């Protein structure tokens, strides 16, 4: 699982003072401080992935300061407008765009990456506005020189590479088009899950694609589910708490007359904008937050959790808090009982994920019994327990979906080269406002045990072949043999 903490390393220059958790440290001392921090993370079994920004520098546009690259060779380090080379091409929203068509720019980035791996021992990188890295004379090229250099480099070839797959230039949206070896932030996952739990109609099919690992995006490029970095929130936009509490951004504190930040948030406040004492609204918000976390944990791909979402952190509706060093962006570690409950729930759903290898596949579901000669490894079910039909997928009034993952079939191999086997799992989701009776599939000699229900705390054994799927809720069931239920 990835945790999204905001903060990054720029391509440009370090300030004279760098601030770490222990306080300000002078230039030259930060190397040992950073190495020590990385080592402590590694000792705790945590990898460190650095957010790097190689797409622009702090020199801005033609009116910006001359600090380094503009003074060295403006026409080589930056993309300039062909018709007016006095001006920069701005594909980043920051005034300039580093020109990766030139070997010196590529060398600068690769040398920087090698330093962070070889000297600082980081485990990978998340590349901000990453299409810039692959832009040639004709637009984005998934086989661009920079990608080839990284893939062939003996220091970098084995590290984790994650792209933010969009920039502001022409053809800048490149989700699903990065080369093998790269993972990507999957914004289609984010939007599909937000639409579904917001209660929007006609979203069941899109949700199914994202739950199963987004093969429509990544399989054509010979990549597996782990190419998809799934997220509901990140450092840009609403926190999870604000996603269920606000329908409009509230960025007045940023002093831009609330014009900054995205207005397309796919959020819902469930009755009141912002804080409320209404018990029924608070209960609904807590359940929806649990739904988001459970969906993230039980989806194929790599889950990414934004820092503080497990605690119910709020920014008061501010969805562009990069400029805030204030209570708006801080985390209050004095947790209320409600926050503690959400933290325990988060630990629980990701423990379930860790315990069940079927939720962490490295290849896509084949879902084709005629080829394998076995039952389907994945079956989509409607509320009566029957397999979804084309009409069911097209029904915009349907908000209920069942995902049956068979643990006794399939061609997925584990790390030892043996067929991956485990308990069959049944994920039930109800994004609608009405409860539904869901008929469970009958598999010979077995019964279903509840692992999780976001509408209540205790787990239970399911004695019958039907469960009540509460409105706005998730249930995860595991198949047990008759011997296990005795």
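Quick note: the coordinates plus some simple rules give every number you see, no bench work behind them. Because the structure is predicted, anything quoted here is derived from the model rather than measured. Counting neighbours? That spans all protein chains shown, and the Cβs are built from the backbone with ideal geometry, glycine included.
Using only Cα atoms, find the angle between the long axis of helix 187-198 and the longest principal axis of the chain, and express it within 0 to 90 degrees, rounded to the nearest 10.
Roughly 40 degrees between the two axes.
Using only alpha carbons, build the gyration tensor for the range 96-235 and give me the equivalent ellipsoid semi-axes, biggest first, whole Å.
Each semi-axis is the square root of five times an eigenvalue, giving 29, 17, 13 Å.
Roughly how many Å is it from the Cα centre of the range 399-451 to that of the range 191-264, as a whole number?
25
If I fit a long axis through the Cα atoms of helix 30-43 and take the longest principal axis of the Cα atoms of the chain, what angle between them do I get, 0 to 90°, rounded to 10?
The helix 30-43 is inclined about 20 degrees to the chain.
To the nearest 10 degrees, how steeply does helix 103-118 sit against the main Cα axis of the chain, on a 0 to 90 scale?
It works out to around 60 degrees.
So if I average 1/r over every pair of distinct C-alpha atoms in the range 362-481 and take the inverse, what Kirkwood radius in Å does that give?
Evaluated on the range 362-481, it is 15.3 Å.
What are the radius of gyration and Dmax of the chain, computed over its Cα atoms and given in Å?
Cα only, the chain: 24.1, 79 Å (Rg, Dmax).
How large is the helix-only mean residue ellipticity at 222 nm for the chain, computed as the sum of -39500 (n - 2.57) over DSSP H runs with n ≥ 4, divided by its residue count, in deg cm²/dmol to the nearest 500?
Helix contribution divided over all residues of the chain: -7500 deg cm²/dmol.
Among 211, 429, what is the fewest-to-most ranking by other Cβ atoms within 10 Å?
The order, fewest Cβ neighbours first, is 211, 429.
Note down the relative contact order for the chain as a percent, whole number, built from C-alpha pairs under 8 angstrom at least six residues apart.
Contact order relative to length: 11 percent.
Just the number, please: percent antiparallel of the DSSP beta bridges in the chain, rounded to the nearest 5.
The answer is about 65 percent antiparallel.
Given contacts defined as C-alpha pairs under 8 Å and at least six residues apart, what's the relative contact order of the range 362-481, whole-number percent?
This gives 23 percent for the range 362-481.
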